[in-house]
């Protein structure tokens, strides 16, 4: 028995204690390939036209450099489905056990604050996030899809403003959802999107925009556990390196409905 446990410890690598607990408690590896969809954990966002961007920067921040990239413009989107919740450590672990996903990393100084099963997975690169969503039969949301899903009168409860050297994400879904029925769209962790960071095309109606063809940084959305309150806006844009892993960036997936966007 001790020899078997030692063998498992070598296999789990940097997933550390969380992975070990999941294996011993009956977490089962799935066959390679896409995981079966769980539609009850998704919300359909209707297609149609909406206004993307905001006048917040001009009206409240005197066009500060960090927010002047939110130029309002008209966008049309096809309908799509989005995960109700941010992807958790437990869910990402299943993709790793299936031999599809690379392991995420542990926090250097406070690993136990970030690796609980129902916390959102963090320390995943953009490529890691894309791989996970592909395995789930989906993809990362475009900036436009993410912003459309975050809009509405009710933005939902938010976990934010925590000290960087003490705070951490909370369990997903602990607060109330937003108007669309989505949890933690504001705060908890930023979420990777599909798009490269760049200026918006603002001429005419943009149909199912996918951002620039190339770039150096990818866009994350939604604010995080350590964000100030003014970053918790549907239109706020943050650029992050796709190769790096962050303690405040996770993911959720979207799924096309009937036709590709």
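Does any residue of the range 129-145 turn out to be more than 20 Å from residue 43 (Cα to Cα) and crowded, with 20+ Cβ neighbours inside 10 Å?
The answer is no, given that none of the residues of the range 129-145 is more than 20 Å from residue 43 (Cα to Cα) and crowded, with 20+ Cβ neighbours inside 10 Å.
Looking at 213, 165, 184, which is the one that is surrounded by fewer than 17 Cβ atoms within 10 Å (Cβ to Cβ), touching a residue at least 12 places away in the same chain (Cβ under 8 Å) and in a loop (DSSP other than H, G, I, E, B)?
213
Which residue, of 227, 179, is farther than 30 Å from residue 97 by Cβ, out of contact with any strand residue (DSSP E or B) (no Cβ under 6 Å at 6 or more places or on another chain) and buried (at least 18 other Cβ atoms within 10 Å of the Cβ)?
The match here is 227.
Taking the options 65, 108, 102, name whichever one is part of a loop (DSSP other than H, G, I, E, B), without any contact (Cβ under 8 Å) to a residue 12 or more places away in the chain and farther than 26 Å from residue 232 by Cβ.
Among 65, 108, 102, only 108 is part of a loop (DSSP other than H, G, I, E, B), without any contact (Cβ under 8 Å) to a residue 12 or more places away in the chain and farther than 26 Å from residue 232 by Cβ.
Computed from the coordinates by the stated procedures, all read-outs in this text should not be read as laboratory data. All values reported here derive from a predicted model rather than from experimental measurement. Cβ atoms come from the backbone with ideal geometry, glycine included; neighbour counts cover every protein chain shown.
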